[in-house]
Amino acid sequence: MSEPLHRVEFSVAIGPEDWLDYYRHPAASVLVTADDGRRIRFPARLLHRHATREGVRGRFRLLYDGQGRQRGLERLA
C-alpha cells in the first residue's frame, strides 16, 4: 500500500523575463507562499510545461510525500 500524498495550493505569477532566468538554470528553485501561509520551495523545472510566452501564471497544487519529496504538480486554473 502506498503512502498518502500531501497537497499544498498556491498561485504563481512569473513574467517572461523572470521565467527565462529560471528556465536557463536547471537547478533553479521557485519559492512561493501557499494559501495556508507556508513558504514552499520546489524545482522550477516542475513549471516548465506550464510556461507560455507570457511566463507562468495560474493556480497550482503541489503533491509531495511524507518525506517532503515532490510527487507532482497540477494546474488548477
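Give me the pairs: first residue in segment 20-37 and touching a residue at least 24 places away in the same chain (Cβ under 8 Å) and open to solvent by less than 80 Å² (accessible area, probe 1.4 Å), second residue not aromatic (Phe, Trp, Tyr) and not in a helix (DSSP H, G or I), beta-carbon distance under 6 Å, and six or more apart or on different chains, which are they? That search, which allows pairs on different chains as well, returns Tyr22/Ala28; Ala34/Val8; Ala34/Ile40. At positive phi and open to solvent by less than 40 Å² (accessible area, probe 1.4 Å): is that true of Gly72 in this structure? Considered against the rule, which asks whether it is at positive phi and open to solvent by less than 40 Å² (accessible area, probe 1.4 Å), Gly72 comes out as yes.
Close contacts from segment 46-74, counting a first residue that is within 18 Å of Ser2 (Cβ to Cβ) and a second that is hydroxyl-bearing (Ser, Thr, Tyr) and open to solvent by less than 70 Å² (accessible area, probe 1.4 Å), with Cβ to Cβ under 8 Å and a gap of 6+ residues or different chains, come to Gln70/Tyr64; Arg71/Tyr64. For segment 5-16, filtered to residues that are over 16 Å from Glu74 (Cβ atoms) and either modelled with pLDDT under 95 or exposed (fewer than 12 other Cβ atoms within 10 Å of the Cβ) (or both), the residue that is farthest from the chain's Cα centre (by Cα) is Gly15.
The values are calculated or read from the model by the stated rules, or taken from the named source; none is laboratory data. From a predicted model like this one, the values you see are computed outputs, not experimental measurements. In this analysis, Cβ positions are derived from the backbone assuming ideal geometry, glycine residues included, and neighbour counts consider all displayed protein chains. Only protein heavy atoms, including side chains, enter the accessible area calculation; ligands, DNA and RNA are left aside. Shrake-Rupley method; radii C 1.70, N 1.55, O 1.52, S 1.80 Å.
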